[in-house]
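One structure below.
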Amino acid sequence: MRADRPAEAADDYALTPVPREARHSWVSVAVQRFGQVSSFQQFMVGAVLGYSMTFWDAFLAITFGSVLLECITIALGIAGVREGLSTSVLARWAGFGHKGSAAVGLLISLSLAGWFGVQNGVFAEGMHDLAGWAPAWVWAIAGGTAVTVIALYGFQAMARTAWLTVPAFLALAGYAIVDTLREHSLSQLVTAPPPGPVMSLAEGTTLVAGAFVLGAIMTPDMTRFNRSSADVVKQTVISVTLGEYVIGLTAVLLGHAARSADVVGIITSSSGLLGTLVLATAIVKINDWNLYSSSLGLVNSAEVLLGRRLGRRGVTVVLGAVGTLLSALGIVGHFTGFLTTLGVLAPPVAGVIIAEYFVVRTCRPVFDRARADGVLPETGAQWLPLSLVCWAAGWAAGTWVEPGIPAVNALLVAFLLYAAVGPVLARRARARRTAPAPHDFGDRLAPSGERPPETVPYDA
């Protein structure tokens, strides 16, 4: 049965495939993706690299981290555009099972709702320091309310916002950067030693990849509005490359020039009005997606765990109000460590989904049948224990394995374990489905001479 398209459109297709007629041009999606990557967070990462690494070592760290991010983003993005589903709904069939996808949705929802509050708190404190005429809690309420309204109206409203905020942010930040660097020699900055404690290449790469890995995980939330896999590749290569290199390497130079990792403070303090506008455009263009993807994850989890279909708009209002209130009270900043810990759980999720969708491929025939009718696939296994084992193993590798890059270790262990064991379990399940039962031999055959094979679930 096809979904009620007007109702689903109003809810931004939170739990159903995005139909072809609701897809957008790749440029429209790319602007939003670039807005996510070219954020204040990238400035801060680049500044830390510049403070603790040479320019060329920082260049290598950004290169390795960007390649990793692009591979994850493209793989998940292609799955999203093919099936038209958000990350948490996609996970119902791509590795985690119906109930397991609720855990994925809760991870995404809790993490991104928390970062929405943290970013809103940063905005409020910055606006208070720059403008000064209102307390921080007033700015927190104003900023949180504005972003909640944008996210409330979904993808199209966020696209229109990105067309305004991304160019404004780049122009304003570019002016502030030029103003800061004009008294320094570019050649000296490129060849200068790091002004702060030295950071290894592995640590720098981890910093680059870890800063956006949660954004990579939520890629299907965005690419389900794309029209083709080629669009996903184009927008990812352009947005991630430009975002990481242009913003990241510029911040590296600023870190060398200021001999400080607090390059954000340098930019925003260059001019009261200019700093205010840079801060406002920087926060809005990324925080709406934090709240939007958080609402998608919670809507999926509520339907799976409670059997209730919540409206995405209502969930957005509740999450936005809670995040705004916590940021206004100044409480949400104390949860940064907890949110960082949650972030360690994200790479294994990507590893499992990618391994199932592209290597094991048990879900692909189910997706193919549903895609032809434009509906959700039939409900499959409730739990897939293998995915939980791989998730835990990936988290353990990212937490305790010393050699290598933690984010890469976590993703690779989950991916390789699922890719190795998944096909074995799938073959055994197929064998059980087709093998005759022991009592079939010699008696009570069906009139045709054969007994219909019994159905054995994949997770049995």
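The values are calculated or read from the model by the stated rules, or taken from the named source; none is laboratory data. As the structure is a prediction and not an experimental result, all values here were calculated from the model. For neighbour counting, all protein chains shown are included, and Cβ atoms are generated from backbone atoms with ideal geometry for every residue, glycine included. Just the protein is used for accessible areas: all its heavy atoms, side chains included, with ligands, DNA and RNA removed. Shrake-Rupley method; radii C 1.70, N 1.55, O 1.52, S 1.80 Å.
Considering region 398-439 alone, what residues qualify as being within 23 Å of the chain's Cα centre (by Cα) and within 20 Å of Gly204 (Cβ to Cβ)? Step through it out loud before you land on a result.
Looking only at region 398-439, we keep the residues that are within 23 Å of the chain's Cα centre (by Cα), and these are 398-399, 404-419.
Within region 398-439, Gly398, Thr399, Gly404, Ile405, Pro406, Ala407, Val408, Asn409, Ala410, Leu411, Leu412 meet the criteria.
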Anything in region 130-170 that is closer than 14 Å to Phe116 by Cβ, crowded, with 20+ Cβ neighbours inside 10 Å and either hydroxyl-bearing (Ser, Thr, Tyr) or without any contact (Cβ under 8 Å) to a residue 40 or more places away in the chain (or both)? List them, or say none. Thr148
Is it true that Glu83 is in contact (Cβ under 8 Å) with a residue 12 or more places away in the chain, out of contact with any Lys or Arg (no Cβ under 9 Å at 6 or more places or on another chain) and either closer than 28 Å to Cys390 by Cβ or open to solvent by less than 10 Å² (accessible area, probe 1.4 Å) (or both)? no
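Run down Leu60, Leu90 and say which single residue is open to solvent by 10 Å² or more (accessible area, probe 1.4 Å) and either on the phi > 0 side of the Ramachandran plot or touching a residue at least 24 places away in the same chain (Cβ under 8 Å) (or both).
Leu60
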The one condition in (1) within 15 Å of Val344 (Cβ to Cβ); (2) exposed (fewer than 15 other Cβ atoms within 10 Å of the Cβ) that Pro385 fails to fulfil: (1)
Only one of Asp179, Asp231 that is within 24 Å of Ser260 (Cα to Cα), among the charged types (D, E, K, R) and either open to solvent by 60 Å² or more (accessible area, probe 1.4 Å) or in contact (Cβ under 8 Å) with a residue 60 or more places away in the chain (or both): Asp179
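Just checking, does region 30-40 include any residue being more than 20 Å from the chain's Cα centre (by Cα), under 19 Å from Leu242 (Cα atoms) and either modelled with pLDDT under 90 or in a loop (DSSP other than H, G, I, E, B) (or both)? Walk me through how you get there before you give the answer.
Just the residues of region 30-40 that are more than 20 Å from the chain's Cα centre (by Cα), to begin with: none.
The answer is no, given that none of the residues of region 30-40 is more than 20 Å from the chain's Cα centre (by Cα), under 19 Å from Leu242 (Cα atoms) and either modelled with pLDDT under 90 or in a loop (DSSP other than H, G, I, E, B) (or both).
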If you check every pair at least six apart or on different chains, which have Cβ atoms under 9 Å apart with a residue in region 188-205 that is of a type in the set (Asp, Glu) first and a residue that is open to solvent by less than 90 Å² (accessible area, probe 1.4 Å) and at pLDDT below 85 second? Glu203/Ile405
